[in-house]
Amino acid sequence: MRNPQLNEKGELQHLLAIEGLPREIIVRILDTAASFVGVTEREVKKVPLLRGKSVFNLFFEPSTRTRTTFEIAAKRLSADVINLNIATSSQTKGETLLDTIDNLAAMHADMFVVRHGTSGAAHLIARHVAPHHHVINAGDGRHAHPTQGLLDAYTIRHYKRDFARLAVAVVGDILHSRVARSLIHALTTLGSPDVRVIGPQTLLPTGVESLGVRVFHDMLRGLRDVDVIVMLRLQNERMKGPLLPSAQEFFKCYGLTAEKLAAAKPDAIVMHPGPMNRGVEIDSTVADGRQAVILPQVTFGIAVRMAVMSILGGGAT
Amino acid sequence: MKIQIKNGRLVDPRNHVDRACDLFVADGCIAGAGAAPAGFRADRTIDAAGLVVAPGLVDLAARLREPGLEYKATLDSELYAAVAGGVTSLACPPDTDPPLDEPGLVEMLKRRAASRNLAHVYPLGALTAKLEGARLAELATLRDAGCVAFSQADAPIPDTAVLWRALQYAATLGVSVWLRPQDPYLARDGVAHDGEVATRLGLPAIPPFAETIALGAILALVRATGTRVHLCRLSTAAGVAMVHAAKAEGLPVTCDAGAHHVHLSEMDLAHYDAHCHLVPPLRSLRDRDALQAGLADGTIDALCSDHTPVDEDAKQMPFGESAPGATGLELLLPLTLKWARERGIALADALARVTCTPARILGIEAGHLAPGAPADVCVFDPEAHVTVSAAGLQSQGKNTPFLGYALPGRVRFTLVGGAVTYEARA
């Protein structure tokens with residue numbers, strides 16, 4: 001079966017997941033993003049690559065941060081951006097997902113940026129739309145959040161250069177995390193030899209080793225000599241119940257403190273996809289400390305999203 | 001009407017017949033095989049040269065969607081699909097809308113189905129009122145209205161005490177209970193097998209022990225109550241092993257597997273193919289192989305279609321939100337033949353799993369071709385391959401993971417009660 005993200009020539013048609021993307025395409029996105037980092041620092045922060053194109057932000061699940069960064073990225077490429085918060089609109093009136101897409105396609109959308117609470121939603125839309133439409137998955141259920149995975153990879157490359165020597169630890173709720181899945185695929189595709197996941201069994205999916213990672217339940221052992229630490233957000237509703245007894249106990253075992261950080265390499269960087277729960281998965285002294293690169297992640301995220309949109313829109317050089 | 005089916009290969013598993021000979025039908029029944037009965041003059045002769053003449057298939061699970069869910073399918077469409085698939089008797093689960101928990105509903109369904117003169121319909125009654133798993137349905141009344149057994153379909157009985165009492169009550173009446181073993185808490189929100197594929201696709205998962213834990217509880221209750229229980233839609237290797245042991249112990253249990261589960265696995269979900277969203281979920285390759293082996297060694301008594309027509313809109317959804325199930329009546333024979341070929345099973349042994357054995361489980365006089373038996377007959381070409389297409393399916397449900405597959409076995413004629421109810425275009 002053909003990879004649903006690629007067209008017949010093997011070019012990127014949609015960005016649905018990192019899994020299955022050829023390494024060259026990932027590298028090209030990261031290289032293109034590097035050229036856009038300069039744009040975002042200029043006085044006039046716009047390039048005309050997507051002039052006349054319409055980007056529809058379709059958010060079936062609430063999000064402020066991700067939607068905003070996509071909006072900024074599209075505007076810096078001179079696209080017209082339409083934001084639709086569908087969680088509160090047509091879906092509640094009984095319209096099906098694909099009806100919504102058909103209606104927007106009839107309004108001559110060029111690109112759909114889709115966030116949806118159910119895994120596979122972006123794949124469904126990508127299968128459905130005509131070939132001149134492009135779909136960017138901005139997060140589907142627990143499955144994938146490829147632009148986040150790419151911006152994480154960009155950040156790691158920016159600070160650490162060579163993936164082939166890196167040890168990376170991803171900590172926390174892997175089970176429900178699309179961010180973790182996308183980053184793990186990015187790292188294994190880019191050649192990181194040592195990717196670790198750290199968390200209690202209740203927050204690790206069955207057979208997670210099959211993704212190419214090593215599993216640690218003890219955080220200090222898992223962090224030993226790593227170059228990169230990625231802390232994941234723990235959703236409120238999962239802090240108390242059958243998965244975890246309390247936020248406090250989670251912090252005690254898996255919260256990143258200065259003491260635990262000391263197990264990593266002295267120049268290790270600390271990342272977090274945001275929004276952070278200070279005192280739950282990360283201590284403020286670490287979040288605000290010199291090793292944290294959490295705000296640069298956000299900045300790079302705009303350049304990475306510009307890169308993805310420009311490549312899909314056919315305007316990238 | 002007298003019909004002679006000549007030149008065919010007669011395969012009648014229950015009576016250990018597999019030979020070239022003619023079959024004679026008169027007055028709705030089998031009149032004889034081999035030489036014509038004295039004075040037999042055929043009104044119609046069917047030339048079955050190169051074809052197999054077998055008992056009509058008996059399907060232990062086919063949803064007809066009436067009453068209440070006619071937008072998915074109707075009796076007309078599905079009973080015609082049945083005979084187009086060579087299925088002449090079928091059991092329909094009680095998960096209609098409303099569920100089959102009242103005698104009036106059962107009588108109406110039986111009457112409406114009988115008026116079609118297509119496949120015979122055997123309703124399964126609801127074991128609990130409204131299938132809610134809390135109060136017993138009126139089993140004796142439903143039995144008298146025509147229910148052949150009692151089932152929860154896919155609805156759970158979360159309270160084991162209710163299940164225990166339901167089995168005791170069924171044992172009192174001497175009726176059998178059909179249960180699909182699945183722990184409702186472990187299965188909650190799950191849409192896929194808990195394994196590498198669900199992990200990769202980020203799908204909420206159902207662990208295999210959701211089946212074996214429920215199976216353990218059911219078997220303990222069978223041991224305590226002596227109730228005859230038919231276990232539906234086994235999906236795991238561990239479940240097959242438990243049933244094997246239970247049978248060796250002498251417990252009065254039988255079991256079936258769905259035809260899709262014998263051929264497909266979690267790997268077939270690929271990029272979220274909603275046609276592979278089934279109940280129970282498609283499991284690992286190892287589980288699938290165990291189902292194939294269990295079917296071959298008789299641990300699994302019968303293969304069924306678990307026919308579940310779903311309208312296309314309900315499948316055009318993200319995987320987890322899509323309606324589960326697959327259309328199956330017209331694929332039961334091809335999938336049985338495919339299994340037999342892949343495992344090197346003799347044709348008669350394979351057909352037993354979809355004819356005489358399910359008939360025995362249902363307790364009906366069907367699934368064989370001895371003189372005097374009802375003339376429910378399936379005449380098919382075992383060598384022809386048919387490519388599955390939406391347009392080629394008679395069922396209103398076009399939802400099948402096998403679209404585009406070329407499957408062996410083409411039904412040419414179906415007889416129900418001695419009348420030709422389906423005839424393929426030549």
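What follows draws every value from the coordinates through simple rules; no lab data is involved. Quick caveat: nothing in here was measured; it's all calculated off a predicted structure. Don't worry about glycine lacking a Cβ; one is built from the backbone with ideal geometry, like all the others, and counts go over all protein chains shown.
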Response to the item:
Counting Lys and Arg as +1 and Asp and Glu as -1 over every other residue whose Cβ sits under 14 Å from the Cβ of A:His272, the net charge comes to -2
Worksheet item: Which distance in Å, rounded to a whole number, links the C-alpha centroids of the stretch A:139-200 and the stretch A:226-251?
Response: 17 Å
Worksheet, complete the sentence: Yeah, the stretch A:117-276 with a ≥ b ≥ c from its alpha-carbon gyration tensor (a/c under 1.5 is rounded, else prolate when a/b outruns b/c, oblate otherwise) is oblate
Worksheet item: Across the residues of A:80-86, average count of Cβ atoms on other protein chains within 10 Å?
Response: 0
Item to complete: At 7 Å along the Cα-to-beta-carbon direction for both A:Glu95 and B:Asp349, put a label point, then send me their distance in nm to one decimal.
Response: 5.8 nm
Worksheet item: So how strong a dipole does the protein assembly as shown carry about its Cα centre when Lys and Arg Cβ are +1 and Asp and Glu Cβ are -1, to the nearest 20 debye?
Response: 1300 debye
Worksheet item: Based on the Cβ-Cβ distance of A:Glu249 and A:Asn83, what FRET efficiency does E = 1/(1 + (r/R0)^6) give at R0 = 45 Å, to the nearest 0.05?
Response: 0.70
Fill in: Cα-Cα pairs of the stretch A:182-317 separated by more than 19 Å (percent)
57 percent
Worksheet entry | Within 10 Å of each Cβ in A:114-127, the average number of Cβ atoms from other chains | 5
Response to the item:
Measuring from its Cα centre, the stretch B:56-362 shows a charge dipole (+1 at each Lys and Arg Cβ, -1 at each Asp and Glu Cβ) which, in debye to the nearest 20, is 760 debye
Worksheet entry | Fewest-first ranking of A:Met231, B:Met1, using other Cβ atoms within 10 Å as the exposure measure | B:Met1, A:Met231
Discussion item. With only alpha-carbon atoms in the gyration tensor, what are the semi-axes of the equivalent ellipsoid for the stretch B:150-274, in Å, largest first?
Written reply: 29, 15, 12
Practice prompt. As a check on your grasp of the helix formula, calculate [θ] at 222 nm for the protein assembly as shown: sum -39500 (n - 2.57) over DSSP H runs of n ≥ 4, divide by the residue count, round to the nearest 500.
Written response: -9500 deg cm²/dmol
Practice prompt. Determine by what factor the alpha-carbon radius of gyration of the protein assembly as shown differs from 2.2 N^0.38 Å, reporting the quotient.
Written response: 1.10
Worksheet entry | Principal axis box of chain B, alpha-carbon based, largest edge first, Å | 63, 48, 43
Worksheet, complete the sentence: Taking alpha-carbon centroids only, the stretch B:23-52 lies from the stretch B:223-268 a number of Å equal to 38 Å
Worksheet entry | Spin-label model distance (nm) - A:Lys240 vs A:Ser35, 7 Å beyond Cα toward Cβ | 5.3 nm
Worksheet entry | Average partner coverage of B:193-206, which counts Cβ from other chains inside 10 Å | 6
Worksheet, complete the sentence: About its Cα centre, chain A carries a charge dipole, from +1 on Lys and Arg Cβ atoms and -1 on Asp and Glu Cβ atoms, whose size in debye to the nearest 20 is 320 debye
Worksheet entry | Additional length obtainable on full extension of the chain from A:Ala130 to A:Arg278, 0.36 nm per residue less Cα span | 48.9 nm
Response to the item:
Assertion target for A:Ser210, B:Ser284, B:Ser322, B:Ser151, ordered by fewest C-beta neighbours within 10 angstrom first, is A:Ser210, B:Ser284, B:Ser322, B:Ser151
Worksheet item: Calculated FRET efficiency, A:Thr64 and B:Glu132, Cβ-Cβ r, R0 30 Å, to nearest 0.05?
Response: 0.10
Worksheet item: Fewest to most neighbouring Cβ within 10 Å: what's the order for B:Glu66, B:Glu249, B:Glu211?
Response: B:Glu249, B:Glu66, B:Glu211
Practice prompt. Just report the Cα centroid separation between the stretch B:170-206 and the stretch A:261-317, whole Å.
Written response: 40 Å
